[in-house]
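I have placed the structure first, in the form of structure tokens, so that the comments after it can refer back to it.
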Amino acid sequence: METHKAVFLDKDGTLIPDIPYNVDHHLITISDDAVDGLRQLQGAGYKLIVVTNQSGVAKGLFRECDLISVHRKIMSLLRINGIILDGFYYCPHDSNGKVERYRMACDCRKPEPGMLKRAALDYQLNLEESWMIGDILNDVEAGNRAGCRSILVDNNNETEWLEGPFRTPHYTTQTINEACDLILATDKKHEARLSKVN
């Protein structure tokens, strides 16, 4: 079976500016310094997939169905720039949530790798050839635990800096565009080494 490579993207604080618990699609914009890199990645054959924690559902701050308009707005903004978003996964759970249906410990809330593993099944992804880009170490840990390589976009959104066996990023950059350039350069070098071996 043919497998694909993907770049997983955190949503709030990475792909879009972080407005806590926002589901008003009018306030959603794509982060500066993201579009060119994502366009290049897609052109190079990477699938682009959002994986996002949305505990506001469990906390009763908005409904799960409200995320539909968020997904559509992000897809629209990317499409205007020639980018197709291949997948959008979210975790509505929180073990301390107020809404009983969503109050649980789950395997999809980052730093758990469940969303990435589900996407891998849905899209026949090779996780070892895939990447996770996020702005906090929970994103890094989710990517590392899924078997991906990870990049921390260090834009001052991480405040806890809790260490752990899966919480060290493979690389750190300042923007998504820089992360995309790094991915393309790293994989190009890897492919060149493989061609020499073969």
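One residue stands out in the stretch 179-189 among those that are over 18 Å from GLY143 (Cα atoms) and at pLDDT 95 or above: the one that is surrounded by the most Cβ atoms within 10 Å (Cβ to Cβ), namely ASP181.
Number of residues in the stretch 84-132 that are part of a helix (DSSP H, G or I) and surrounded by 14 or more Cβ atoms within 10 Å (Cβ to Cβ): the value is 11.
Scan the stretch 74-109 for residues that are basic (Lys, Arg) and either within 29 Å of GLY37 (Cα to Cα) or out of contact with any Gly (no Cβ under 7 Å at 6 or more places or on another chain) (or both) and jot them down.
Those that are basic (Lys, Arg) and either within 29 Å of GLY37 (Cα to Cα) or out of contact with any Gly (no Cβ under 7 Å at 6 or more places or on another chain) (or both): ARG79, ARG101, ARG109.
Count of the stretch 65-83 residues, restricted to those that are open to solvent by 50 Å² or more (accessible area, probe 1.4 Å), touching a residue at least 24 places away in the same chain (Cβ under 8 Å) and under 21 Å from LEU116 (Cα atoms), is 1. Being of a type outside the set (S, T, N, Q), surrounded by fewer than 15 Cβ atoms within 10 Å (Cβ to Cβ), over 22 Å from ARG39 (Cβ atoms) and in contact with a helix residue (DSSP H, G or I) (Cβ under 8 Å, 6 or more places away or on another chain) is a description that applies to GLY164. Residue under question is HIS71, and the condition is that it be over 22 Å from THR186 (Cβ atoms) and outside any loop (DSSP other than H, G, I, E, B); does it hold? It is true that HIS71 is over 22 Å from THR186 (Cβ atoms) and outside any loop (DSSP other than H, G, I, E, B).
Hey, among the residues in the stretch 147-161 that are open to solvent by 10 Å² or more (accessible area, probe 1.4 Å) and touching a Ser or Thr at 6+ places or on another chain (Cβ under 9 Å), which one's nearest to THR173 (Cα to Cα)? Top of the filtered list is ASP154. LYS59 fulfils the conditions (1) closer than 17 Å to CYS148 by Cα; (2) among the basic types (Lys, Arg); (3) assigned to a loop (DSSP other than H, G, I, E, B); (4) open to solvent by 30 Å² or more (accessible area, probe 1.4 Å) except for a single criterion, (1).
Of all residues in the stretch 148-164, those that are within 19 Å of ILE183 (Cβ to Cβ), without any contact (Cβ under 8 Å) to a residue 60 or more places away in the chain and more than 14 Å from the chain's Cα centre (by Cα) total 1. Answer with yes or no whether GLN40 is closer than 26 Å to ARG167 by Cα and out of contact with any Lys or Arg (no Cβ under 7 Å at 6 or more places or on another chain). In short, no.
The values are calculated or read from the model by the stated rules, or taken from the named source; none is laboratory data. Since the structure is predicted, the reported quantities are computational estimates derived from the model, not experimental observations. Backbone-built Cβ (ideal geometry, glycine too); neighbour counts: all protein chains shown. Quick note on the areas: whole protein, heavy atoms, side chains included, nothing else; ligands and nucleic acids left out. Shrake-Rupley method; radii C 1.70, N 1.55, O 1.52, S 1.80 Å.
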